[in-house]
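Participant: Questions regarding the structure given below will be posed in turn.
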Amino acid sequence: MNKAFVREPDATGQLHCPACGSVGTLGHRETWAAFVREGEAGSLAETAFFCPFPRGEVGYFDMFERRVTTAELVRNVWPKDADAPICGCFGLTRQDVEADIEEGGVRRVRALIEKAKSPEAQCRAHSASGQNCTAEVQRYFMKLRGGS
């Protein structure tokens with residue numbers, strides 16, 4: 001494809017989802033190939049982006065604006081599906097975070113943060129974004145607690 005027709009990332013190196021405009025999370029083949037159905041895997045460039053917008057239909061997209069929808073993923077992923085684990089490596093769910101809030105503690109969240117520091121954490125292959133989930137877990141916890 002002629003470079004004149006390729007959508008370049010903006011000045012910050014970010015690429016926006018062609019469907020919803022959310023800033024995508026950069027992922028490599030190792031990450032998105034673990035989530036994209038085999039027949040759809042050839043439709044993305046080696047480097048693709050995860051769309052983090054919860055209500056968006058796009059799971060992954062690349063700089064050529066090719067897309068893989070959430071329906072074409074092998075399993076449901078957070079935040080696209082609120083019932084999917086927030087942590088793909090260790091299976092922590094929103095219900096686990098909500099249970100910590102109800103109990104007035106952080107036992108499950110703290111345990112996850114410790115596990116996420118270990119070699120057992122394989123975020124690049126088990127997280128749809130390819131990123132460590134601790135920031136997302138903490139963000140969800142603070143949202144429930146009413147924090148900013």
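What follows is calculated from the coordinates using simple rules that are stated; it is not laboratory data. Just so it is clear, the structure is predicted and the values come from calculations on it, not from any experiment. Heads up, the Cβs are rebuilt from the backbone with ideal geometry, glycines too, and the neighbour counts pull from every protein chain shown.
Participant: Roughly speaking, what is the stretch gain from Ala71 to Ile113, that is 0.36 nm per residue apart minus the C-alpha to C-alpha distance, in nm to one decimal?
Facilitator: On the way: separation 42, 0.36 × 42 = 15.12 nm, distance 3.01 nm.
Taking 0.36 nm per residue and subtracting the Cα distance, the gain is 12.1 nm.
Participant: What does the charge add up to near Thr69, with Lys and Arg as +1, Asp and Glu as -1, over the other residues with Cβ less than 12 Å from its Cβ? The partial results should precede the final answer.
Facilitator: Working: positive: Arg37, Arg66, Arg67, Lys80; negative: Glu40, Glu57, Glu72.
In short, +1.
Participant: Which angle between 0 and 90 degrees, to the nearest 10, do you get for helix 94-103 versus the longest principal axis of the chain when only C-alpha atoms count?
Facilitator: Rounded to the nearest ten degrees, it is 20.
Participant: Then there's this: In deg cm²/dmol and to the nearest 500, what is the mean residue ellipticity at 222 nm of the chain if only DSSP H runs of at least 4 residues count, each as -39500 (n - 2.57), divided by the residue total? Show your work: numbers first, answer last.
Facilitator: Details: 5 runs with 41 residues, N = 148.
Mean residue ellipticity at 222 nm (helix-derived): -7500 deg cm²/dmol.
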